[in-house]
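Working notes, beginning with the structure itself.
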Amino acid sequence: MIGSSSTSTFEQQARPYETLASAPSQVRDTVASLQVAPSQWKTILTFLFGDVIGVLSVLGFVYLGASTFIPAYAPRAYEVGLLVLPGVLLAYAVAGLYQRRFTHPALEMQRIGALTLLMGAVAGGVAYGATGDETGAVLFLAGGGLGAIIMPICRSLFRVVFARADWWGVPAVIVSSGTSGAAILDTLNRWPEIGVRPVALLSDTPGEDDLQVPIRGGYELAPYLARHLGIPYALLAMPSLTHTGRANLLAQYSKFFDHVFVMPDPAGAPALWTTGRSGDGLFGYGVRNVALRPGARLIKRAVDIVGALIGLLLLAPLLAGIALWIRLDAPGAVFYRQERMGREGRIVTILKFRTMYEDADQKLAEILEQDPTLRREYERYHKLQNDPRVTRIGRFLRRYSLDELPQILNVLRGDMSLVGPRAYMPSELEKMNGLARAVLQCPPGMTGLWQVSGRNRLSFSDRVNLDVHYIQNWSLWLDLYLLVRTGPVVFSGDGAS
């Protein structure tokens, strides 16, 4: 660790030395010993491997369908598949999908889905125009439609799985003042699959000692990190800087880094990413409340029904086994019913597997009255990390969110969605900081942005802010991405209570 510079102004601190040899020995030794840049080719290979798995999966489904319904076309489907795999990978490479850069997975999924669908349509049109074979053209169209779903899922899944590896991502230096850098660092560490791997935090203040970043130091380290370690990105978080100061800052750092980004003031922001339009030619970004449009609601509802039916079919044995386990573990009902606020504040009854003893509400009142520490914890998070009301099996179910599986029935009934804001209790309405109207525009979800952003480690106000952020940035691709990210988060038990 290198302590922050004690020079009084940013301009003095940021002024680089002419050469590394002329820098103080502490700076020279630190730069010489650093090996922090993630591997470019390893990151790209994860994209390539995920795409290969995706293409092979699509070809497998198409071959299976052809073998079942039109056996005469099965051998031809296999032969064409030998050309499809390299063709798809080449098209992705030309479209820039194997470049080492950062992007939000939901935006990348949208690009991949649209490109794959277009390739299927073009291939089908060419096949029909060249041979007049309608069946072959339909198979290409079916493959493109199927690939528009499977390919983005595979790419996103590989991002999520490998994102926390030390060698994955694009290395970046955060240059900040005050506590801005810590807030940005927290977001990037929580969302590593965006592709930005912070390797250094340069600030004018010492900051907290538990920040997860390899290098801490003053501004004077920046040019050497860029030159000698090949770090291409700099993220500048200087909310108090004037327009002139910001212009000079960009001019200075663009000499050393290939890409320089000015970050917004992170104070109070639930997340530092957006899937909305990035300015349309203006500084800033735009928000389109797509989630409120009738067409978007219809599509979201259709996806909910299809997804819930498939989930119910696949999970039926597991649901039956959990129900039997609960019955044998502790006396009481299998399901727990609770009133929550649905869309537009309508009261709905949601289902969960029972994870507490029957007299849980009475126990909670007694616990909070007797223990001030637990009372403060409950007031902040509206949950207890080590809740004495929870049964033995209940702890297991909660850790992996298995207690929420019966909410599939709520999704089918229309009370909930597969992805959406948190389902808030009516008693929490006054604690939502005036944001209830914004949050309750959409039905609550079985999973959502808060679920994959820390779960019960987040304060109540953070959950509300994340729900607003989700609604403002909603898209079908964001929902699909959050579903993909939910699996690893749930199976790891991260943030569960």
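THR373 exposes around 90 Å² of accessible area when a 1.4 Å probe is run over every protein chain in place.
For the range 127-195, a crude dipole built from +1 on the beta carbon of Lys and Arg and -1 on the beta carbon of Asp and Glu, taken about the Cα centre, is about 260 debye to the nearest 20.
Ranking of HIS259, HIS228 by solvent-accessible surface, largest first: HIS228, HIS259 (1.4 Å probe, protein heavy atoms only, all chains present). Under the simplified labelling scheme, the SER240-ILE299 pair shows an inter-label distance of 4.5 nm, with each label point 7 Å from Cα along Cα→Cβ. In this simple spin-label approximation, HIS259 and LYS42 carry label points 7 Å from Cα along the Cα→Cβ vector, and these lie 2.0 nm apart.
Once you order the gyration tensor axes a ≥ b ≥ c over the Cα atoms, which shape class does the range 308-454 get: rounded for a/c under 1.5, otherwise prolate or oblate by comparing a/b with b/c? Oblate, since a/c reaches 1.5 and b/c is not below a/b. Students often forget the sequence filter, so: which lysines lie under 20 Å Cα-Cα from LYS363 once same-chain residues fewer than 8 apart are removed? Output for LYS363: LYS352, LYS383.
Sum up the charges of everything whose Cβ sits under 15 Å from the Cβ of PRO232, counting Lys and Arg as +1 and Asp and Glu as -1, but leave PRO232 out.
+4
The heavy atoms of THR68 offer some 90 square angstrom of accessible surface to a 1.4 angstrom probe.
Quick one: grab the alpha carbon gyration tensor of the range 426-469, order the square roots of its eigenvalues as a ≥ b ≥ c, and give me rounded if a/c is under 1.5, else prolate or oblate depending on whether a/b is larger than b/c. Display every interim value, and only then the final one.
Working: a/c = 1.78, a/b = 1.28, b/c = 1.38.
Here the range 426-469 falls in the oblate category.
Proximity of backbone amide H atoms, modeled 1.01 Å from N, is registered between MET446 and SER417, LEU418, VAL419, GLY420 at under 5 Å, excluding neighbours fewer than 5 places apart on the same chain. Rolling a 1.4 Å probe over the protein chains gives TRP325 an accessible area of about 120 Å².
Of the residues LEU418, LEU83, LEU324, ranked by 1.4 Å probe accessible area with the largest first, the sequence reads LEU83, LEU324, LEU418. Compute the Cα gyration tensor for the range 372-497, then decide on rounded, prolate or oblate, letting a ≥ b ≥ c be the square roots of its eigenvalues: rounded whenever a/c is under 1.5, prolate when a/b is larger than b/c in the other cases, and oblate in all that remain. Verdict is oblate for the range 372-497. Less than 5 angstrom separates the built amide H of VAL196 from those of VAL170, all sequence-distant by 5 or more or on a different chain.
The values are calculated or read from the model by the stated rules, or taken from the named source; none is laboratory data. Keep in mind it's a predicted model, so treat the numbers as computed, not measured. Here Cβ is always computed from backbone atoms with ideal geometry, including for glycine, and neighbour counts include all displayed protein chains. Just so you know, the surface numbers come from the protein's heavy atoms only, side chains and all, with ligands and any DNA or RNA stripped out. Shrake-Rupley method; radii C 1.70, N 1.55, O 1.52, S 1.80 Å.
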